[in-house]
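Q: Below is one structure. I have some questions about it.
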Amino acid sequence: MFKQITEDNWLLYAQKHYDNPTFETEKEFWDDIKRFKYLKRLFRKYELTGKLKIRLVVNHIIVLQNVFGTDAAITLLLYKNDIKYWPMLKSVFQYLNYLFPKELIALTEDEFIKRELERL
């Protein structure tokens with residue numbers, strides 16, 4: 001059904017993979033969708049200031065993985081974030097063991113984020 005994620009089908013892909021057992025209202029879905037924007041904002045702030053709320057980043061990614069599943073969450077996160085933020089994402093994905101050994105192999109991890117994650 002989804003050969004490629006585009007701006008036109010991104011939301012449909014998210015809806016198809018959304019699985020929240022405690023889902024009661026549509027607002028919960030939209031609150032989870034907002035997490036993609038929050039993460040992008042956190043990465044942009046890190047890029048500008050060098051400061052990152054690493055626990056908040058990890059928290060958002062874990063919640064997204066819980067409601068979308070690992071593969072869909074990674075796909076949605078990579079699509080919604082600029083390529084320049086992918087090393088940051090990869091560092092967190094590696095920390096959470098969300099990637100297979102050969103996935104995203106061409107990307108280097110963000111060393112600062114990697115060190116911060118090791119300290120958790």
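Q: Just one of (1) under 26 Å from THR6 (Cα atoms); (2) buried (at least 20 other Cβ atoms within 10 Å of the Cβ) trips up ASP110, so point out which.
A: So the condition that ASP110 fails would be (1).
Q: For segment 1-30, which positions are touching a Ser or Thr at 6+ places or on another chain (Cβ under 9 Å) and closer than 14 Å to VAL67 by Cβ?
A: Passing the criteria: TYR13, HIS17, GLU28.
Q: Can you tell which of VAL58, VAL63 is under 21 Å from ASP110 (Cα atoms) and part of a helix (DSSP H, G or I)?
A: The conditions single out VAL58.
Q: So how many residues does segment 86-110 have that are within 23 Å of GLU47 (Cα to Cα), assigned to a loop (DSSP other than H, G, I, E, B) and hydroxyl-bearing (Ser, Thr, Tyr)?
A: 1
Q: Sticking with this one: Say we look at segment 94-107 and pick out the residues that are within 16 Å of VAL57 (Cα to Cα) and surrounded by fewer than 16 Cβ atoms within 10 Å (Cβ to Cβ); which of these is modelled with the lowest pLDDT?
A: Selected residue: ASN97.
Q: I've got another one for you. List every residue pair whose Cβ atoms sit under 9 Å apart, with the two residues 6 or more apart in sequence or on different chains, where the first one lies in segment 87-104 and is without any contact (Cβ under 8 Å) to a residue 24 or more places away in the chain and at positive phi and the second, anywhere, is surrounded by fewer than 16 Cβ atoms within 10 Å (Cβ to Cβ) and not small (Gly, Ala, Ser).
A: As it stands, the answer is none, since no pair meets every condition given.
The values are calculated or read from the model by the stated rules, or taken from the named source; none is laboratory data. This one's a predicted model, so the numbers in the text were calculated from it and none came from an experiment. With ideal geometry, Cβ positions are generated from the backbone for all residues, glycine too; neighbour counts draw on all protein chains shown.
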